[in-house]
Amino acid sequence: QGVEIDSHYSMAPNDTGGYMRSRSISVLTGAGDAKTHLMFGAEWTKSQPLWERDVSYDNQYFNTLTYAGIINKGSSYYMLAPGLNAPTNATPTTVANLVAQGIYIPVSINDVVAGFNLSHRPTILNAVDKRIASFSGNHVVTENINLKGDFLYAYTDTAYRLNPQPVSLSSTTLLGPGYAPIPITDTGYTIRNRFTGGPDRIYENQSNFYRATAELDGTMNDYFNWQVYANYNVAYQTAYGFNQILNSALQSGIQTGLINLFARSQDTARMTQANIFGTSVGNYVSQLYTLNALANGKIWDIPGGPIQYAAGVEYRKESLDASADYNSTIPPGGTTSLWNNGTSLSPFKNQRDVKSEFGELKVPITSPKNNIPGLHLLTLDAAWRHEEYSNGNRTSVPKFSLRYLPFNDELAFRATYAKSFTAPTLYDLYGPSASGFTVSLGGLTAYNSSGTAIGPFPGAQGRQLNGFNPALQPATAKSKTFGAVYSPKFAKGLEITVDYYKLDQDGLIGAPAGTTTIVQSVERYGAASPFAQYVALGNFPGQGGTPVTAPGQLSPNPDNDFVLQTLVNIAKQTQHGWDVNVRYLVPWENYGRFIINSQWAILNSFFLRANPDDPGTEYSGVDDYGTLPKARSYSTIDWNYRAYGATLGYTHINSVGNLSGDKINPYNTFDIQFRMDLGRVINRLNGLSFDVGINNFTNQKPPLDRTNYSSPPFDASTYSFFGRIYYADLKIKF
């Protein structure tokens, strides 16, 4: 009942790793009587982007071979002489002659990589505009029947920027029919450019999501209760790619002399006249219908208590389709779109139905009222689920749970065993692929054809293709857990929870390994690498690329390395570890209410076999397959006294290494928050409260790993982009 308004503001100043500002406001209101209640909520959040040039750890970022003034043939690179905007020879001649005339200068691949700073114009954290509205209600139809429903609408707009589109064309093509004369007569050279006088590439995604649910449930007696539930979700997304380069317009501009591919900077008026930039558009629609019915209650009473059951059926239908503008659509038999190295999409439309039946039985073998020594409480829970997909996949999976208290409520043991079956999503099976550049390969080791290390890998980028795989099979898994909860009476307020888990997954859907892991393995072992099938020279595997046959073939010219990162069924993944939580309510009532809490995640092993020929790799304690520290924790001390409160938080992530032998430093951050209920201090401000805080107030920067990550040069899913973040919240209730 009533209204609640909540506003939030947070910011990170420039000296903390990168400027950030985020703000939000929300409202929640409800009204009703004993039979009917309605509630409405709305929220708006807006966050500024994080610019790469502003972050202290990455405001100089290079690792590109494609920018104006560069040409190459294989691993031989040439740079336009300083002071020249374009070659000055009046008639076409050989590159050797241009080098002799001082127009081009031979340079090493490492010199090329260090020649263009990529960090001036991109963002590395999206701008976000999110708006959500929801409405829900419930109504007591009769004493035993309730009707519930809700509706949710969410609009999200995210955008990020990249440098202007890199362009590379073969001189063999440029010398062909229809092209204007070019300053060289040699074939087989790659001419590189990046039109920095033009606009940035901007990728913007606008999403509209709708969800409606309805539920009718009833209570009859202890033996039978029922529920019928329906759910409909639909999401529309439009993906814009602004300032893409259209191949036909680029070729026309070169042919008519409006574009000089060899020039460092273009004539602005001529470039505008060439009209080479356009906008790609992709439209996606996802729908999900769900309908289920279930019943629950007790079967009969036994000495330990009532045997309870739950059973039900479910039907769901999901569909996914996508379309694109004409230039983004890959022609039949083709592998690329009409945009130059830009957005592409093969239109698709697919759907499937899933039918399920499920049941659960809970058996109280003993209970405290039985008064059996050593068997204070023992409960067994068994569940089963069957699913059948319209594409022919079907499975039945069980789950068993055990809860045991030997003496009293102080000590409880629990254990579970379960199997699971996960069919690939429609997006994984048929969704769009995305091509682009790999992370920087600098920091890896180069090898010769005999497999002997010869020095560092050039700090350049290769090409990478990610995306769907219609041949994906369902993944299966077995999980086992065992744990205990201890709440000793001699230390009132103390609770210790320890759980061990083991998870074995077969056919898990994902990438075969991290890109740098794949490249390093193939560089070292050649065709003998378990990842050799995912790498080719000149083009992607299966698309005209030349297979790698020996070690040392990737480092001479990284730009010629093509890595296939489409989804696959990973042969086997096993992980096991411990989750530990200690919570203590300190008995200092005269000084307020103190709660100390510490949560730990300990990863003993994360073992992955990418395919049946792969002997496997242990990733626990390294960051080559995402950052997987052996231990991480979050601990807090929380204090409340009358109208005041405060919390001190501490995050710890163990140091990790990578397969190249580098050590990544541990990560430790501290957060602090102060709270005040103004209404308890000043009556006229009843319903008004606020809190202020600083996350990471010691201004800890993320630990960098430039071997595995390029921009940003760390695992952004584990560590924060920012150092110190200030925030404030103001809440009003009336």
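Some notes on this structure:
- Among beta bridges from DSSP that stay inside the chain, the antiparallel ones total about 95%.
- Using a Förster distance of 30 Å, the FRET efficiency for Glu410-Asp301 (Cβ separation, nearest 0.05): 0.65
- Its relative contact order, with pairs defined as Cα atoms under 8 Å and 6+ residues apart, puts the range 70-183 at 23 percent.
- With Cα atoms, 0 to 90° folded angle of helix 515-525 axis to the chain main axis: 60 degrees
- Alpha carbon centroid spacing (whole Å) that separates the range 307-351 from the range 449-485: 24 Å
- A straight line joining the Cα centroids of the range 603-678 and the range 246-263 runs 51 Å.
- Directionally averaged shadow of the range 92-223, computed from the convex hull of its alpha-carbon atoms, nm²: 17.3 nm²
- In terms of the mean number of neighbouring beta-carbon atoms within 10 Å, the peptides 85-91, 569-575 order highest first as 569-575, 85-91.
- Across the chain, the mean sequence separation of Cα contacts (distance under 8 Å, 6 or more residues apart), normalised by length, yields a relative contact order of 9 percent.
- Note that the chain carries a Kirkwood radius of 30.5 Å, evaluated over its alpha carbons pair by pair.
- Surface analysis of the range 233-321 yields an accessible area of 47 Å² per residue, using protein heavy atoms and a 1.4 Å probe.
- Peptides 579-587, 267-275, 553-561 ranked from most to least packed, by the mean per-residue count of other Cβ atoms within 10 Å: 553-561, 579-587, 267-275.
- Percent accessible area from carbon and sulfur atoms, the chain, protein chains only, probe 1.4 Å: 57 percent
- Entries in Lys478/Lys502; Lys35/Lys731; Lys419/Lys572 that, when Cα-Cα distance is taken, lie over 18 Å: Lys35/Lys731
- Across the range 671-734, Cα pairs under 8 Å and at least six residues apart give a relative contact order of 36 percent.
- Cut-off 12 Å between beta-carbons: net charge of the residues surrounding Gly514, Lys and Arg +1, Asp and Glu -1: -4
- In the context of the full set of protein chains, the range 611-734 has a per residue accessible area of 49 Å² (1.4 Å probe).
- Helix-derived mean residue ellipticity, 222 nm - over the chain, DSSP H n ≥ 4, -39500 (n - 2.57), to 500: -1500 deg cm²/dmol
The values are calculated or read from the model by the stated rules, or taken from the named source; none is laboratory data. If you're wondering where the values come from, they're calculated on a predicted model, not measured in any experiment. A quick note on method: Cβ atoms are made from the backbone with ideal geometry, for glycine too, and the neighbour counts reach across all protein chains shown. Just so you know, the surface numbers come from the protein's heavy atoms only, side chains and all, with ligands and any DNA or RNA stripped out. Shrake-Rupley method; radii C 1.70, N 1.55, O 1.52, S 1.80 Å.
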